[in-house]
Amino acid sequence: MPFTKSLGFNQPPKELKRQKKQVTAGGFVRFPDDLGAHQLVMQFFAYEGFVASEDRQDRGTPTIQIALPIPSNLQESYSITYNSASMGPLVGALTRNASSISEAAGNLALDVQSAAENPGSAFKNLVGSLKSAAGTAVRSGGQLAANPVDGLRNAASAAADSTTADILSLAARRSAQAVAPAVAGGIDILTGTTINPHNAVLLDSIPLRTHSFSWKFAPRNSKDWDRLDFILGAIKRRIHPGLGGTGGESLLTYPNEVDLSIVGSLADYYPFKRSVVTSFSINYAPEGTPAFHAGDGKPVVLTLDMGFQETEIITSGDFGAGVPGSSAGSEGDFS
């Protein structure tokens, strides 16, 4: 699918949005001929590859625009995928004390800035602090090498920052778990505590939405059938890849994409993003027994099922706070 900035939900063609009725100019075709004001419009566009424009009108001219009755199934649905994960004690302690860590980092930045502005005593104090910290780290490292458990305990108790103490204590427990699980279990039993796994719910992905629509058509005469047959053929041609391009028959060209939009009462309540057609099925004998018009032998009734998949994820910015599904409006007070 093309790499684009989020362009929001599709809008009906301007002439349809303005007139609220079907027009036949500009590559429009409709079924039936007397289609009312409520309709599903499919605007097919040639695949454009990379598109950086935020203006939907800059994404090409429709190859064809098809208007059909509102399908029999209209179910608006969204899904967001989350995963649960164990953050572990170290990450958990860091996130729990993020504010104090951030404050310490800010103080260090101020010290560095002060040292840069006053290269005299301030710089000497900063260097002295760093040396002292380095000495403490070396001594703690020696204790850890000689006796890991005692070294960690002493380093933790000597640490002025409670976050550092927590992390060192947890490191000792984790080391015991890794080296001697039985010892770690004994520590759990004796102390009545165990390591907090810090389970968290993490946003995993926003699946691309899919839509499935069904229609039942009963052409009344040959003219009706010819119109419907033209529509079905036009869709078939546009949802399949083509041969050719710069690579000849070794490459396939991408099928058309489609902008779906509803004209009528549901225009603001059932939004779509640009999609591709993933399935297309025609049943020429939906009643269980084939039936044909006398004379021309064309089917009396047929059903059409189409599946679509959107090519862009949906984010909160796609929704306004007013009319559902609308990108306009502001939150109202309904209390």
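FYI, it's all coordinate maths here, none of it is from the lab. Fair warning: this is a prediction, and the values are worked out from it, not measured in the lab. Neighbour counts are summed over all protein chains in view; Cβ atoms, including those assigned to glycine, are modelled from backbone coordinates with ideal geometry.
Here are some notes:
- Stretchable slack from Ile195 to Tyr82, in nm (0.36 nm times residue separation minus alpha-carbon distance): 38.3 nm
- Sorted fewest first by neighbouring Cβ atoms within 10 angstrom, Arg237, Arg30 come out as Arg237, Arg30.
- Among His38, His198, the order by Cβ neighbours within 10 angstrom, fewest to most, reads His38, His198.
- Prolate/oblate/rounded label for the range 216-315 (Cα gyration tensor, a/c 1.5): oblate
- Packing-based exposure ordering (other Cβ within 10 Å, fewest first) of Leu202, Leu266: Leu202, Leu266
- Counted charge near Ala234, where neighbours are those whose Cβ lies closer than 13 Å (Asp, Glu -1; Lys, Arg +1): +3
- Other residues whose C-beta falls under 9 angstrom from the C-beta of Val258 contribute a net charge of 0, scoring Lys and Arg +1 and Asp and Glu -1.
- Extension gain, Gln11 back to His38 (0.36 nm per residue minus Cα-Cα distance, nm): 8.3 nm
- Net length gained if the chain between Ile313 and Ser281 were fully extended (0.36 nm per residue, minus Cα distance): 8.9 nm
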